[in-house]
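A.B. asks: Before I ask anything, here is the structure I am working with.
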Amino acid sequence: PQKTSFHRSQTLGYKNGFAFPRLPAAGIGRERLYVNQLSQAELEELSSQRPTLTYGPAKRAPPSGFVPAHVALDKKILKFDAYFQEDVPLSTEEHYRIRQVAIYYYLEDDSMSVIEPVVPNSGLPQGKLIRRHRVPKNDCGDHYHWKDLNRSMDITMYGRTYRIVDCDRFTQVFLESQGIELNPPEKMVFDPYTELRRMPTHRYITPSDFDQRKQFLTYDKQVLRFYAMWDDSDNMFGEKRPCIIHYYLADDTVEVREVYKQNDGRDPFPVLMKRQRLPKTFVDEKKTFPSCVLEISDQEVLEWYTAKDFAVGKSTTLLGRTFFIYDCDEFTRNFYRDKFGITDFQPVEIKKKPPEEVPQAIPPYNGFGILEDSLQNCFSLFPKPPRKDVIKMLENDRKVLRYQVALESPNREDRKRRFILSYFLSDDMISIYEPPVRNSGIIGGKYLGKTRVAKPGSTTENAKYYEPSDFTIGSTIEVFGHRFVITDADEYVLNYMEKNAESFPVATLQSLREHFRPRQVIKEAAKSDIPTPGTSKRELDELIMQVQDELNLHKHLNNKDIQEAFLQCDKDGAGILDKEKFLGLCDSLSVPTNTSLLNKLIDLCSCGEDKINYRDFLRAFPS
């Protein structure tokens with residue numbers, strides 16, 4: 001702790017421009033160094049041994065002709081052929097098994113390994129049984145040496161006894177060179193069960209005169225074709241399926257192909273039964289043979305299907321499926337005619353059972369949209385708009401029949417409402433419009449949009465719509481629960497029906513003619529400038545001026561109210577009223593009908609016995 005100087009001596013020096021290290025002369029803080037300090041005796045000893053320090057001690061030369069063991073014995077292996085016996089307790093066909101092995105002894109490190117040659121399809125784990133290492137000989141720690149191995153002897157390794165029967169040529173020469181007397185070799189023992197499997201079974205069968213090669217060369221590429229029907233209707237969702245049976249004459253194999261049609265809903269698998277020999281009769285002892293899982297050989301089958309088993313008009317069972325053959329091709333007919341002498345090839349007509357028609361349940365109409373348009377949602381997932389009669393639309397474009405209708409309702413205010421019903425001839429649609437009436441308390445405008453109106457009692461399956469023949473004066477129509485009475489019609493309606501009288505019933509046309517007859521009388525009178533029969537227009541005008549002068553004396557009369565009263569009373573708008581109704585209306589309005597001038601005016605405005613043209617009469621009451 002009292003040390004205050006910590007200087008270090010210089011250890012790097014330069015000589016002739018080269019840097020070289022040097023040992024420190026003093027320690028830290030110029031303290032004395034006790035390291036690398038030699039005594040006088042050590043310095044004298046070093047002075048006498050200077051060459052040894054400089055060049056080191058002299059090396060001794062290795063002995064001549066020395067070769068290490070791992071080099072001299074490298075890749076030198078002793079091979080012995082041996083076998084061992086293994087018990088088989090769970091087999092009735094073999095009680096023990098002989099397994100052949102090869103024992104290898106590596107001279108370079110005295111290690112051993114046991115390898116069993118691999119036998120194909122043996123079902124045993126084979127290959128290296130004992131890996132390469134020094135195998136213990138006993139419990140004392142000794143290991144097997146090549147001096148312990150010889151022919152015709154037993155050797156036990158890890159509880160398993162191996163019988164050495166022979167060795168290769170190199171092993172024999174090596175052991176004899178080391179002064180070991182070899183035992184005579186033994187024959188290798190083979191596994192009796194394996195040898196039994198290799199021996200062919202003796203069959204005492206008389207050779208047949210049938211030559212398969214001759215059959216192949218004679219009938220190669222010759223195929224019999226039968227048209228059959230597979231009836232699978234007994235199973236759930238089964239049906240009759242057409243098939244084609246191919247019989248190959250070259251090897252007596254059969255193939256069944258299914259015939260597919262367009263849009264039949266089935267995956268187009270090309271082959272129903274692959275080409276194979278089909279068994280017809282099994283051996284009695286092999287009735288329980290699982291033929292659907294294992295391969296079928298001649299031992300299990302007593303008889304196979306041949307060409308004589310197929311005939312037109314007969315049923316054939318192939319692998320559990322029954323096929324009815326109803327026809328064949330021309331080559332098959334010629335083959336059977338030449339081979340078997342069969343001439344009856346009358347094809348059988350297959351009657352297809354018509355599919356059951358499933359009635360389509362159409363839900364009730366919900367009232368939204370047009371019936372035909374809503375009905376398309378029941379027929380297709382992607383509905384299409386109903387087809388329109390384009391010719392009818394072009395011929396009847398902008399042709400509209402207009403009617404005046406009144407609402408039939410228990411409410412008094414609704415009975416006074418008047419509507420205009422428009423029937424469009426181009427698409428048979430109806431629209432209803434209510435003219436606005438001031439101070440009526442009811443907002444006029446569109447009452448029903450353009451749509452088709454079905455008659456009461458019509459169903460979704462048999463829908464009946466209103467037609468122009470149903471619209472007669474005084475008839476009642478029902479529009480979505482509301483009843484309307486037809487009170488008037490446009491003159492265009494009468495003209496259109498008269499031009500197309502063959503398309504409308506006589507009752508409808510007669511109803512319109514009777515309704516428009518009073519108006520036609522007035523029009524004809526106006527055209528001839530004769531207001532009433534037996535009276536000139538000049539006389540009528542003079543009489544009206546005299547009546548106006550006389551009525552000026554009656555200050556209580558309101559000409560505007562008189563005109564509105566007559567117009568409201570004339571619901572049809574024909575300008576003609578009954579005489580009794582006319583006189584009653586005049587009395588209610590305090591019109592002095594008892595004067596001579598008014599009586600003469602009433603007589604001039606009369607149309608027949610009980611009809612009065614009130615329009616000429618109202619000329620005497622200017623507003």
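A.B. asks: Give just the number: which of (1) under 16 Å from Ile420 (Cα atoms); (2) within 59 Å of the chain's Cα centre (by Cα) does Thr487 not satisfy?
C.D. replies: (2)
One line per residue, one yes/no per condition, for (1) modelled with pLDDT of 90 or more; (2) hydrophobic (A, V, I, L, M, F, W, C):
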position	(1), (2)
Leu421	yes, yes
Phe424	yes, yes
Glu434	yes, no
Ser440	no, no
Lys446	yes, no
Arg452	no, no
Thr460	no, no
Glu467	yes, no
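A.B. asks: A further question follows. Take Glu195 and tell me if it is at pLDDT below 90 and not in a loop (DSSP other than H, G, I, E, B). Spell out how you get there, then give the answer.
C.D. replies: On the way: at pLDDT below 90: yes; not in a loop (DSSP other than H, G, I, E, B): yes.
In short, yes.
A.B. asks: Are there strands (runs of 3 or more DSSP E) fully within the stretch 253-356 with at least 2 residues that are polar (S, T, N, Q) and surrounded by 10 or more Cβ atoms within 10 Å (Cβ to Cβ)? List them. Working first, answer last.
C.D. replies: Numbers: elements: 253-258, 273-276, 279-282, 301-304, 315-318, 321-328.
Hits in the stretch 253-356: 315-318.
A.B. asks: Among the residues of the stretch 479-515, write down those that are open to solvent by 40 Å² or more (accessible area, probe 1.4 Å), of a type outside the set (Gly, Ala, Ser) and within 14 Å of Leu401 (Cβ to Cβ).
C.D. replies: Result: Asp490, Glu491, Tyr492, Asn495, Glu498, Lys499, Asn500.
A.B. asks: Could you figure out which of (1) open to solvent by 80 Å² or more (accessible area, probe 1.4 Å); (2) modelled with pLDDT of 85 or more isn't true of Pro1?
C.D. replies: The one condition Pro1 does not meet is (2).
A.B. asks: Further question on the same structure: Taking the condition within 15 Å of Val485 (Cα to Cα) and surrounded by 12 or more Cβ atoms within 10 Å (Cβ to Cβ), does Lys455 pass? Let's see the steps before the verdict.
C.D. replies: On the way: within 15 Å of Val485 (Cα to Cα): yes; surrounded by 12 or more Cβ atoms within 10 Å (Cβ to Cβ): yes.
Judged against the criteria, Lys455 is a match.
A.B. asks: Kindly provide the set of residues from the stretch 237-280 that are under 16 Å from Trp304 (Cβ atoms) and small (Gly, Ala, Ser), ordered by number.
C.D. replies: Selection gives Ala250 alone.
A.B. asks: Among all residue pairs at least 6 apart or on different chains, which show Cβ distances below 6 Å where the first residue, located in the stretch 445-457, is among the aliphatic types (A, V, I, L, M) and the second is in a loop (DSSP other than H, G, I, E, B)?
C.D. replies: Taking only residues 6 or more apart or on different chains, the pairs are Val453/Tyr466; Ala454/Ala463.
Per-residue answers, yes or no, for (1) assigned by the TED database to the domain that holds Ala463; (2) not aliphatic (A, V, I, L, M):
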position	(1), (2)
Lys351	no, yes
Pro354	no, yes
Ala361	no, no
Glu372	no, yes
Asn377	no, yes
Pro385	no, yes
Tyr403	yes, yes
Ala406	yes, no
Ser409	yes, yes
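The values are calculated or read from the model by the stated rules, or taken from the named source; none is laboratory data. Small disclaimer: the values here were computed from a predicted structure and weren't measured. Counting neighbours? That spans all protein chains shown, and the Cβs are built from the backbone with ideal geometry, glycine included. For the accessible areas, the whole protein counts, side chains as well, though only heavy atoms, and no ligand, DNA or RNA atoms are used. Shrake-Rupley method; radii C 1.70, N 1.55, O 1.52, S 1.80 Å.
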